[in-house]
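The block underneath contains the structure these notes are about, expressed in structure tokens.
Laboratory data are not the source of any read-out in this text; all were calculated from the coordinates shown. Just so you know, these numbers come straight off a predicted model, no measurement behind them. Note that each Cβ is placed from the backbone with ideal geometry, even for glycine, and that neighbours are counted across all protein chains shown.
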There are 2 protein chains.
Amino acid sequence: MKIQPLLDYMSKYISLTDHEVTLLKSKLVYRKYLKGQFILQQGDVCKYACFVVSGCTKTFHVDEQGLEHIIMFSIEDWWTSDMGSFITQTPADFNVQCLENTELIMFSYDTIEELYRQIPKLERFFRQIIERAFVASQKRIIRSFSLSAKERFLYFRNQYPKIEQRIPQYMIASYLGITKEFLSKIKSQLIIEQ
Amino acid sequence: MKIQPLLDYMSKYISLTDHEVTLLKSKLVYRKYLKGQFILQQGDVCKYACFVVSGCTKTFHVDEQGLEHIIMFSIEDWWTSDMGSFITQTPADFNVQCLENTELIMFSYDTIEELYRQIPKLERFFRQIIERAFVASQKRIIRSFSLSAKERFLYFRNQYPKIEQRIPQYMIASYLGITKEFLSKIKSQLIIEQ
DNA sequence: CAGTAATGTTAAACTAGTTTAACATGATTT
DNA sequence: AAATCATGTTAAACTAGTTTAACATTACTG
């Protein structure tokens, strides 16, 4: 289990004793997925909150018309899960699929409450992680209201330069809430403008 | 201080001893605002996370073109704050304004860390509150992608029947991300369809 | 390495939602 | 009671983004 990336990440929020690290390790699941595999399928109950050690995933929702809407991408040092399904143990709104071979450290719903009891500091850690995720989600709502598709694309390109080259363009369009044709148009406009 | 509504609300998540309630009480701020008053202004640092005891607030963002976008309404038993500004103590993206005379119980940034230390259970309480807020925010993103303006309006009307009658229509339009003119059109279409 | 599937581009016709402006209504102030 | 202001409606012209379809390109797969 490559646990070091997670420990480095956690050390930014809390400090764990050796004994706590051992305890934590014993409750975690380490798993490798291949490109294309689903970590979670819409309608299933989400059993794991996952930390991405390596690789890339997309989280997406399929609406009633069968259209795919990408909510987020997750790469190294990010989290991926359907938080709503995880915390309430009800059917997921999202699919999570690997866009590359991906290694995950998974916190299972069945053991996380026990972990909180044994290591109360984790309660603090997860509160802070979720605060950040919530803030990012709210900022995204602001952008969807107040920016045009072109401005949203420029923001995306700036914020995730690494992801832009790793994934197909139609997925970026889906993340931006536009069609791949319109993204194509925006990009050719941007080239002309220069 | 009308603290009972907050205690009732908290009892759904954690149970506090009498001593803890006394401690908590001593750290809270209770305040009344008049209709129209601002609890927070965009650009200021948010010092308080507020529980609404009575009244109604709107949380909105003013974009670079000066257009107002309503992010949420908060009524009795809801929270209101700019979480991003509160946790990072950086300038707020949002304004929070009272739509009615409003009574709040306010958790100050300066005392909340101390409270977490003295009553570790609060860490758990806020983790759960923020989890829920995050999930609500993500569901709103799904709706903005996968529903038409008409469907979003029907969803709003269904989810917040009490709020619909308490506030002006142009604020509902702003919440839905459309113009008041288009909301007017949607409503007249809905009447014709019946 | 040929054939098929997945991805990306261009362009024309279309539609959801905006903008502007004129007018109606009710509430608040003088 | 008149005047002003905030809110709400209607309608016409407009625009951002979609849909459809044809074609180009890249990348798997047998």
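So the values come out like this:
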read-out: Label-point gap, in nm, between B:ASP110 and A:SER26 - each point 7 angstrom along Cα→Cβ; value: 4.5
read-out: Cα coordinate range in region A:84-173, projected on the principal axes (Å, largest first); value: 48, 31, 26
read-out: Cα centre as origin, Lys/Arg/Asp/Glu Cβ charges: region B:44-84 dipole, Debye; value: 140
read-out: Loop-located GluC sites (Glu not before Pro) in region A:76-108, at most 15 other Cβ atoms within 10 Å (DSSP); value: A:GLU76, A:GLU100
read-out: Cα gyration tensor shape for region B:1-59, rounded if a/c is under 1.5, else prolate or oblate; value: prolate
read-out: For region A:1-116, the fraction of alpha-carbon pairs in successive 5 Å shells from zero, as %; value: 2, 12, 21, 23, 19, 13, 7, 2, 1, 0, 0
read-out: Charge dipole of chain B about the Cα centre (unit charges at C-beta), most positive-ward option of B:LEU16, B:LEU183, B:MET171; value: B:LEU183
read-out: Total charge dipole magnitude, the protein assembly as shown, about the Cα centre, Cβ charges on Lys, Arg, Asp, Glu only, Debye to nearest 20; value: 300
read-out: Coarse-grained scattering of region B:41-90 at q = 0.32 Å⁻¹, given as base-10 log I(q)/I(0) from a Debye sum over alpha-carbon atoms; value: -1.17
read-out: Using a 7 Å Cα-to-Cβ projection, A:SER54 label spacings across copies, nm, ascending; value: 6.2
read-out: Radius, Kirkwood style, for chain B when every pair of distinct Cα atoms is counted (Å); value: 18.1
read-out: Cβ charges +1 (Lys, Arg) and -1 (Asp, Glu), total dipole of chain A, debye; value: 500
read-out: Shape call, region B:132-194: gyration tensor on alpha carbons, a/c limit 1.5; value: prolate
read-out: Violating pairs (Cα-Cα greater than 27 angstrom) within the set A:LYS27/A:LYS121; A:LYS180/B:LYS180; B:LYS25/B:LYS162; value: A:LYS180/B:LYS180; B:LYS25/B:LYS162
read-out: DSSP-loop GluC sites (Glu not before Pro) across region A:1-70, with at most 13 other Cβ within 10 angstrom; value: A:GLU64
read-out: Mean residue ellipticity (222 nm) of chain A, computed from DSSP H runs ≥ 4 via -39,500 (n - 2.57), nearest 500; value: -15000 deg cm²/dmol
read-out: Candidates per GluC sites (Glu not before Pro) in region B:153-194, loop by DSSP, up to 10 other Cβ within 10 Å; value: B:GLU193
read-out: B:VAL45 paired with B:SER188, simple spin-label distance in nm, labels 7 Å along Cα-to-beta-carbon; value: 5.0
read-out: For A:LYS2, A:LYS27, A:LYS58, order by how many other beta-carbon atoms lie within 10 Å, fewest first; value: A:LYS2, A:LYS27, A:LYS58
read-out: Global geometry of the protein assembly as shown, whether rounded, prolate or oblate, following the gyration tensor of its Cα atoms and the 1.5 cut on a/c; value: oblate
